[in-house]
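The values are calculated or read from the model by the stated rules, or taken from the named source; none is laboratory data. Treat the numbers as computed from the prediction; the structure is a model and nothing was measured. We place every Cβ from the backbone using ideal geometry, glycine too, and count neighbours over all the protein chains shown. Keep in mind that these areas ignore ligands, DNA and RNA; they rest on the heavy atoms of the full protein, side chains included. Shrake-Rupley method; radii C 1.70, N 1.55, O 1.52, S 1.80 Å.
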Amino acid sequence: MCLILLMSSVVFVKVLKKHWEPRWNNWLQKRFPDTRQITLDIQRIFVIPTMISAALVLTVLVLALMAINFQNSLIYGLSFWLLALIVMAIFFTYRNLSGLTIRAIQSSPCFAGEKAVFELEVSCPQKQKKTAITVGCKHEDVVTVNLQNHHSLHIKLSHSTRQRGRFKPGRLTIFSVYPIGLVVAWSYAALNMQSIVYPVPVLHRSGENGKGLDEKAEQGLEIINGSTDFAGIRDYRSGDSPKHIHWGAFAKTGDVYTKTFVDYASHDLWLEWDALTIPGVEARLSHLCAKVLQYYGEQQIYGLKIPGKTIQPTSGDAHKNNCLTALALYGDPGEI
């Protein structure tokens, strides 16, 4: 019988959650719309009792019954004092959260599986001080903020990621139990911020058609009449520069020869989608991501060609970030 009642209760809770959860989310969306900045006020702060305050309220009720039964003034006074303590805790805990402003500043990209970092500014009015306010996402790292000596503070929050693309964290939860922990004041903040999550860099050594990109890049085209690499000697021709005359050969043989030089024009390094034989979209993106990091570390000049996107060869941090972002947003409907 107990097992049947327990199973019935579980089913009832699941049905109730399924029915009310969409309504709850819609209500939260209206109360906490996406924005770059939010200031907590009476419409956005909720105060609920903790287990300690619930036990204290029960104690007050018992004491009140005892005071009525025994007509004891001391018990009356203790009951009213404890009740006033709860009321004052509600006021001061709410006041500790009221007026707090949270603003999104910037985010840092990361690779899939790592944690994206978001930078926020937490501030309060000049005449207020805030103590022991916790900010963070559910099941993620949190930060405790104290605004005593400064009225503005920058904090960084990290959030786990699983797959590449645009990543937007869930609602931030802000709460405080200051000053005595009898009640908790909490609120949400749906900040309009997002980060770019790059593919996981995985290098596939045999993933390219024919010659590897490195081999193809090392071959060059000889440019005659260059000035870099010595190519040999030839007979002197009218108009040859005196500085290219092989004076050593002239001293030995009496014949005039000219030293020749060549330059090499290297092929551009291209990371090409069509040159890969790796099966699977994500595997190709991971391989190209690893190659971008490799060429960046080697200070190579390289370009990227993927369906719908071509980035011309160059180098540097900005170019690396552009290539990684293009790989991260491959297939994104919002990417042009």
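Can you find, within the range 20-54, the residue that is farthest from SER187 (Cα to Cα) among those that are modelled with pLDDT of 85 or more and among the aliphatic types (A, V, I, L, M)? Going through the qualifying residues, I end up with ILE52. Of the residues examined, LEU120 is not one that is in contact with a Leu (Cβ under 7 Å, 6 or more places away or on another chain), open to solvent by 50 Å² or more (accessible area, probe 1.4 Å) and closer than 18 Å to GLY99 by Cβ. When the range 289-336 is filtered for residues that are within 20 Å of ILE278 (Cβ to Cβ) and part of a helix (DSSP H, G or I), the ones remaining, listed by number, are CYS289, ALA290, LYS291, VAL292, LEU293, GLN294, TYR295, CYS323, LEU324, ALA326, LEU327, ALA328. Among the numbered conditions (1) under 21 Å from the mean Cα position of the chain (by Cα); (2) in a strand (DSSP E or B); (3) not basic (Lys, Arg), the only one that GLU140 does not meet is (2). A Cβ distance below 8 Å, combined with a sequence gap of six or more or placement on separate chains, defines the contacts here; from the range 116-140, residues that are within 16 Å of ILE45 (Cα to Cα) and touching a residue at least 60 places away in the same chain (Cβ under 8 Å) reach no residue that is part of a loop (DSSP other than H, G, I, E, B) and open to solvent by less than 30 Å² (accessible area, probe 1.4 Å).
Identify, please: which residue in the range 159-173 is in contact with a Phe, Trp or Tyr (Cβ under 8 Å, 6 or more places away or on another chain) and crowded, with 17+ Cβ neighbours inside 10 Å and is, among those, farthest from LEU191 (Cα to Cα)? So that I can check it myself, show each step before the final result.
Filtering the range 159-173 for residues in contact with a Phe, Trp or Tyr (Cβ under 8 Å, 6 or more places away or on another chain) gives 159, 161, 164, 169, 171-173.
Then keep just the ones that are crowded, with 17+ Cβ neighbours inside 10 Å; that gives 159, 161, 164, 169, 171-172.
Values: HIS159: 14, THR161: 18, ARG164: 21, PRO169: 9, ARG171: 7, LEU172: 8 Å.
Top of the filtered list is ARG164.
A count restricted to the range 200-221 and to residues that are modelled with pLDDT of 50 or more and touching a strand residue (DSSP E or B) at 6+ places or on another chain (Cβ under 7 Å) stands at 4.
Of all residues in the range 39-73 being assigned to a loop (DSSP other than H, G, I, E, B) and free of Cβ contacts under 8 Å to residues at least 60 places away in the same chain, which is farthest from GLY181 (Cα to Cα)?
Keep residues of the range 39-73 that are assigned to a loop (DSSP other than H, G, I, E, B), which gives 40-45, 50, 71-72.
Still in the running and free of Cβ contacts under 8 Å to residues at least 60 places away in the same chain: 41-43, 71-72.
Numbers: ASP41: 21, ILE42: 20, GLN43: 22, GLN71: 31, ASN72: 29 Å.
Looking at residues that are assigned to a loop (DSSP other than H, G, I, E, B) and free of Cβ contacts under 8 Å to residues at least 60 places away in the same chain, I get GLN71.
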